[in-house]
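The values are calculated or read from the model by the stated rules, or taken from the named source; none is laboratory data. Predicted, not measured: the structure shown is a model, and the values here were computed from it. Virtual Cβ from ideal backbone geometry, glycine too; neighbours counted across all protein chains shown.
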Amino acid sequence: MTSPSRTLLIATLALATPALLTGCAHVERRTLEVTAYDPGPESCGWRRGRILFWRKYIAEGPHKGERYTGKTASGTKPHEPRPGLLSVDSLIRPWMIPLRLVFFWNILPRKGTIAADTRYYPFGTEIYVPDYGWGVVEDRGAAIKGPRRLDIYFSDEDDALDWGRQRITVKVRPPG
């Protein structure tokens, strides 16, 4: 016979072991409307200067007329996700392994930039979007309002247009 405390310990370990093995916080699945944006003026709301045409300025909103830096609301440069050397992507595309070894910045994985309403998804929230990968909320979008909208970053306008607007189930991991 086992004592009640031993039974409680075994039950606790059985419930806690999967979370300990995965090493991740609680992941919640949500169905959201996911759109794409790129660094172009249509997506980011900037315009070129009239006299100094190479300078970019914010076109509208409370910061209209201020210089456009291209940084996100959290102060980082936006980027797409990168799988890295030790990833499933290296197994699917083994021809990428030599390139990831030669170009050393491709060895480590990197999460992409996601724009969301920070009242619902604070900066640092990690979100997995199928066919995009893991991303981190680092930006706010002018049209991204409410808990059911996300905007994912693509460095190429054609890729962003190809993504379009999709309603898909994503995994949300809170910050921390």
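Looking only at residues in the range 57-88 that are at pLDDT below 80 and small (Gly, Ala, Ser), which one is nearest to residue 123 (Cα to Cα)?
70
Could you tell me how many of the residues in the range 124-148 are buried (at least 19 other Cβ atoms within 10 Å of the Cβ) and either under 19 Å from residue 44 (Cα atoms) or among the aliphatic types (A, V, I, L, M) (or both)?
9
With (1) within 22 Å of residue 155 (Cα to Cα); (2) surrounded by 10 or more Cβ atoms within 10 Å (Cβ to Cβ); (3) modelled with pLDDT under 70 as the list, and residue 54 as the residue in question, which single condition is left unmet?
(2)
Does any residue of the range 154-173 turn out to be of a type in the set (A, V, I, L, M) and touching a Gly at 6+ places or on another chain (Cβ under 7 Å)?
No, because not a single residue in the range 154-173 is of a type in the set (A, V, I, L, M) and touching a Gly at 6+ places or on another chain (Cβ under 7 Å).
Can you pull out every residue in the range 128-176 that is in a helix (DSSP H, G or I) and of a type outside the set (Phe, Trp, Tyr)?
157, 158, 159, 160, 161, 162, listed by residue number.
Answer yes or no as to whether residue 164 is over 16 Å from the mean Cα position of the chain (by Cα), of a type outside the set (S, T, N, Q) and closer than 21 Å to residue 44 by Cβ.
Yes, satisfied.
Just to check your reading of the model, which residue among 69, 169, 76 is of a type in the set (Val, Ile, Thr) and within 13 Å of the chain's Cα centre (by Cα)?
Matching residue, one of 69, 169, 76: 76.
If you check residue 121 against the conditions, is it under 9 Å from the mean Cα position of the chain (by Cα) and not hydrophobic (A, V, I, L, M, F, W, C)?
So residue 121 does not fit the description; no.
Among the residues of the range 105-127, are any assigned to a loop (DSSP other than H, G, I, E, B), at pLDDT below 90 and over 26 Å from residue 29 (Cβ atoms)?
Yes: the range 105-127 contains one or more residues that are assigned to a loop (DSSP other than H, G, I, E, B), at pLDDT below 90 and over 26 Å from residue 29 (Cβ atoms).
(1) over 19 Å from residue 42 (Cα atoms); (2) small (Gly, Ala, Ser); (3) surrounded by fewer than 18 Cβ atoms within 10 Å (Cβ to Cβ): which one isn't true of residue 73, the others all being true?
If we test residue 73 against (1) over 19 Å from residue 42 (Cα atoms); (2) small (Gly, Ala, Ser); (3) surrounded by fewer than 18 Cβ atoms within 10 Å (Cβ to Cβ), just (1) comes out false.
So is residue 139 over 9 Å from the mean Cα position of the chain (by Cα) and without any contact (Cβ under 8 Å) to a residue 12 or more places away in the chain or not?
Against the criterion (over 9 Å from the mean Cα position of the chain (by Cα) and without any contact (Cβ under 8 Å) to a residue 12 or more places away in the chain), residue 139 does not qualify.
Name the one entry in 161, 91 that is at pLDDT below 80 and of a type outside the set (Val, Ile, Thr).
Checking each option against the conditions leaves just 91.
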